[in-house]
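> Take a look at this one; I'll ask things after.
The values are calculated or read from the model by the stated rules, or taken from the named source; none is laboratory data. This structure is a prediction, so every number in the text was calculated from the model and none was measured. Methodologically, a virtual Cβ is constructed for each residue, glycine included, from the backbone with ideal geometry; neighbour enumeration extends over all protein chains shown.
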2 protein chains.
Amino acid sequence: MAVQKTAEPRSARTTEAAEAEEAAAGPERLMAAELADEIEFLTARARSVGSGRANIALKELDLKVRSYSVLSLACSDLNPSQRELADFLSLDPSQIVALVDELERRGAVTREADARDRRSKVIAATPEGRRLYKQAFALVRTSEEHSLGELSHEERGQLRALLRRIAFKSAD
Amino acid sequence: MAVQKTAEPRSARTTEAAEAEEAAAGPERLMAAELADEIEFLTARARSVGSGRANIALKELDLKVRSYSVLSLACSDLNPSQRELADFLSLDPSQIVALVDELERRGAVTREADARDRRSKVIAATPEGRRLYKQAFALVRTSEEHSLGELSHEERGQLRALLRRIAFKSAD
DNA sequence: CGTATACCATTGATAAAGTCAACAGATTTT
DNA sequence: AAAATCTGTTGACTTTATCAATGGTATACG
């Protein structure tokens, strides 16, 4: 119904500018701006669309990328502590508390006191947590596939390697 | 359960590990986790550290990456409307209102009614806004330089190109 | 023509996320 | 043993995100 024709943005033939390119129209007319060359802006936008999509996909499991990330790390055999989760996920320790609370309430993870340092608690996934993770992983996988669809396997490798270097710069 | 094995958990100064470089220990023990291979996670973390640093740098001008981005686009000669800013920056239109309000209050940008479509307002930078942008750009530049320090010029080009493709996927 | 529909900027309400200080228990340092 | 540091936790508070509703404007359609 009523195809909204986007009303020819700003480049409407202004008598004089007739020969100009015929409106790249899209919402991406601004790609010509200087900002669009800044890697940090592109990173921010990429993550926005990516995690946005992932959140939608995860909704059917009542998860968000945040809780998914915690669950994922809990499923690793690395026995992360909450502090490590906070550092790794760039979150405040208090936010981890809430996320673990929720996952624990759902029976997906457990807090077990670390024998070596009784201050910290290691987060581990329950069998049920692992089942949940499997499903979530599949959804995220599909979502990511959708987001990175245009990139070849090799290009993804490049991108991953580059991002890893800026995401985990040594202390400074 | 009772996984007391797990090789070398956290500290445990096992006599033999002494010769190794004193534990890469860092908060990045978890890089071995599956999550660390997901591009979207890396993207999220990269933008977190990046915009975090940029925000700190911009504080001396009383700007944030958000307001800086708006200002930057206002300084382009593209005459963006608020709607376009919202789309481009992945923000809600109502957030743009607040950001433009602030910049306008500071005399950095103006809202001028679009002659072609009186619903929309084009955001343009004042001379003072351009001066402010110049300073901000320098700060962001330095900050970004600090974040991407390890990447060669060529690698930055690759990264930029790859990010652009996933940040601006056509509609879907 | 006029009316219905869609759009833009704006406001306001509400939820989610981020930031910070303080605190108890545990560990390390001195 | 005392001081200093760390971990998880709570709570207050700010910022950001999300969504519905509205007035003014433009387009579509009959």
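> Mind listing just one residue for me: the one in region B:57-68 that is assigned to a helix (DSSP H, G or I) and either within 12 Å of DNA strand C (Cβ to nearest atom) or β-branched (V, I, T) (or both) and, of those, nearest to the other protein chains (Cβ to nearest Cβ)?
Only one residue tops the list, namely B:V65.
> Further, regarding this structure: Inspect region A:25-41 for any residue being modelled with pLDDT of 95 or more and in a loop (DSSP other than H, G, I, E, B) and give the result as yes or no.
yes
> Here is a follow-up. Tell me, please, whether a residue that is within 11 Å of chain B (Cβ to nearest Cβ), among the β-branched types (V, I, T) and within 15 Å of the chain's Cα centre (by Cα) can be found in region A:133-141.
Within region A:133-141 (the criterion being within 11 Å of chain B (Cβ to nearest Cβ), among the β-branched types (V, I, T) and within 15 Å of the chain's Cα centre (by Cα)), the answer is yes, since at least one residue qualifies.
> Could you say which residue among B:R83, B:R111, B:R47 is over 20 Å from the mean Cα position of the chain (by Cα), surrounded by 15 or more Cβ atoms within 10 Å (Cβ to Cβ) and within 9 Å of chain A (Cβ to nearest Cβ)?
Going through B:R83, B:R111, B:R47 in turn, the sole match is B:R83.
> Kindly indicate which of A:L103, A:L71 is away from DNA strand D (no atom under 15 Å from the Cβ), part of a helix (DSSP H, G or I) and crowded, with 17+ Cβ neighbours inside 10 Å.
Matching residue, one of A:L103, A:L71: A:L71.
> Return the residue satisfying two criteria in turn: it lies in region B:114-127 and is away from DNA strand C (no atom under 11 Å from the Cβ) and either within 25 Å of the chain's Cα centre (by Cα) or under 18 Å from B:R66 (Cα atoms) (or both), and of such residues it is farthest from the other protein chains (Cβ to nearest Cβ).
Filtering first and then ranking leaves B:T126.
> Now for a different question. Is it the case that B:A54 is at the interface with chain A (Cβ under 7 Å from one of its Cβ atoms), within 22 Å of the chain's Cα centre (by Cα) and either assigned to a helix (DSSP H, G or I) or at positive phi (or both)?
Yes; evaluated as a whole, the condition is true for this residue.
> Tally the residues that are touching a residue at least 24 places away in the same chain (Cβ under 8 Å) and under 20 Å from the mean Cα position of the chain (by Cα), restricting the search to region A:96-108.
5
Residue by residue, here is whether (1) surrounded by 15 or more Cβ atoms within 10 Å (Cβ to Cβ); (2) assigned to a helix (DSSP H, G or I) holds:
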{"site": "B:I96", "(1), (2)": "yes, yes"}
{"site": "B:L99", "(1), (2)": "yes, yes"}
{"site": "B:G107", "(1), (2)": "no, no"}
{"site": "B:R119", "(1), (2)": "no, no"}
{"site": "B:E128", "(1), (2)": "no, yes"}
{"site": "B:E145", "(1), (2)": "no, yes"}
{"site": "B:G149", "(1), (2)": "no, no"}
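> Failed condition for A:E8, given (1) at pLDDT 95 or above; (2) over 23 Å from B:L91 (Cβ atoms); (3) surrounded by 13 or more Cβ atoms within 10 Å (Cβ to Cβ); (4) within 13 Å of DNA strand C (Cβ to nearest atom), with all others met?
The single condition A:E8 does not satisfy is (1).
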